[in-house]
1. Is there a quick way to get the dipole size of the chain? I mean about its Cα centre, with the Cβ of Lys and Arg at +1 and of Asp and Glu at -1; what is the value in debye to the nearest 20?
2. Using a Cα-Cα cut-off of under 20 Å, which lysines could be cross-linked to K337, ignoring same-chain neighbours fewer than 8 residues away?
3. Using only C-alpha positions, report the orientation-averaged shadow area of the convex hull of the range 66-212, nm², one decimal.
4. Keeping all protein chains in the complex and leaving out DNA, RNA and ligands, what accessible area do you get for T211 with a 1.4 Å probe, in Å² to the nearest 10?
5. Sum -39500 (n - 2.57) across every DSSP H segment of at least 4 residues in the chain, then divide by the residue count to get the 222 nm mean residue ellipticity, nearest 500.
6. Report in % the part of the accessible area of the range 139-220 that belongs to carbon and sulfur, leaving out ligands and nucleic acids; probe 1.4 Å.
7. From largest to smallest, what semi-axes in whole angstrom does the range 1-135 give when each is the square root of 5 times an eigenvalue of its alpha carbon gyration tensor?
8. On a 0 to 90° scale, report how tilted helix 101-112 is relative to the longest principal axis of the chain, with both axes built from alpha carbons and the result rounded to the nearest 10.
Amino acid sequence: SSKLSEEELAPYFRVGLRGLENDGDFVQAAKVGLKAIICSPRFLLAPGEHTNPSYAKAADLSRMLWLSGPDDELLDLAASEDLTGGILRAQIHRMLGDERSHRMVRSFSDQWLNLRSLNKVTPSLKLYPEYDDLLNHYLPIETRVYLHHLIQENLPAGRLIDSDFSFLNQRLAQHYGIEGVIGQEMRKVSFPPEVPRGGLLTMGSVLKVTTDGFDTSPILRGAWISKNIVGTPLSPPPESVPALEPDHGEATTLREQIDQHKSNKSCYACHKSIDPYGFALESFDATGEWRGKYKIKQAHRGTFQYRQAGYYKWGGPVDASGEIGEDKFEDIFGLKKLLLAGERKVAYNFAKKVFEYANGFKPNLAQRLHLWDFIARSPGNVQMRDLLTEVLAYSLTTDEE
């Protein structure tokens, strides 16, 4: 919306000139100048001074949705100061329909769902010998394509919890035990009612990132659901309480460990609201594969020895039951039903996460009330694209009110 003056560019230009004078290498000097620009707070934080408020909106909107600068259509609207009201919402819809919106979905899911930590977790080859780089590559792609589809098709927010489809290829389908999917191209695959997949909770990317690559922890997964899906705030654990190491020899042993851990009153207050979610996901191992029993790793002589069958034995049966308040469930199917009963709460938490992503800070009380009022006033199910549009439009106009 405005051009940089020679005076504004001078500090970065001088950096490159000094590099050229000292080393005589033009390419390296140019790189130094570019690094100075890219590392500048003025570039990273995009404070910007604009000739009118519409230019600021155009810049912010393109940053939020495309992680880039405005295109000609946005700039033309900004020049005529028409980026308001229904026109602003129409532009959000247009930009969401553009291929560049995939950048937003990737960045948002990396932060909201913590998928950026996916490669920090390396599954044990003793326990999961079939896990490979190809599967690791496609797990987060499934989640991104699924989220993008929910937004593009304006599907209900409840699809975050459960659905009868996902986007798979042959390698993902093999991992999930789904037959009839051939080839590496991602495509929409429908599930029969008995398949536990569908929704974010049972995606391999989420199930992997909420473990340490060896054992699963109902506490860790339960805390992830409470924070990222349900929206229940969590207090940090007391420093005096030691970390709980899961023991999957027997399902009863695991529950006894956690029950003993919760005997501390300061621990029980949080655990009563997070552990049940994690117990429901015990039917999935650290790679997101379905299981009926736990695997117990076994020692072997060779430090780097690999065996396709792995080095483990089968332990006790998985118990995926739990209760939230007075409501009990037996497995992941039961938990999904309970969460869907509070679909508006899930939509509200999603709205808060989008607001935080778009603005760089959490919504205050007045902003949270606005988001909740929009959801409460929505007839029937809250639709994903409508909700995203409301959050972005509100974020861009809240300073004007």
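1. About 880 debye.
2. K227, K272, K328, K345
3. If I average the Cα hull's projected area over directions, I get 10.6 nm².
4. 10 Å²
5. -15500 deg cm²/dmol, from helical runs alone.
6. Ligands and nucleic acids excluded, carbon and sulfur reach 51 percent.
7. After diagonalising the Cα gyration tensor, the semi-axes are 35, 31, 11 Å.
8. Between the helix axis and the principal axis of the chain, the angle is about 50 degrees.
The values are calculated or read from the model by the stated rules, or taken from the named source; none is laboratory data. Please read these numbers as outputs of a predicted model, since none were measured by experiment. So basically every Cβ, Gly included, is an ideal-geometry build from the backbone, and we count neighbours across all protein chains shown. Keep in mind that these areas ignore ligands, DNA and RNA; they rest on the heavy atoms of the full protein, side chains included. Shrake-Rupley method; radii C 1.70, N 1.55, O 1.52, S 1.80 Å.
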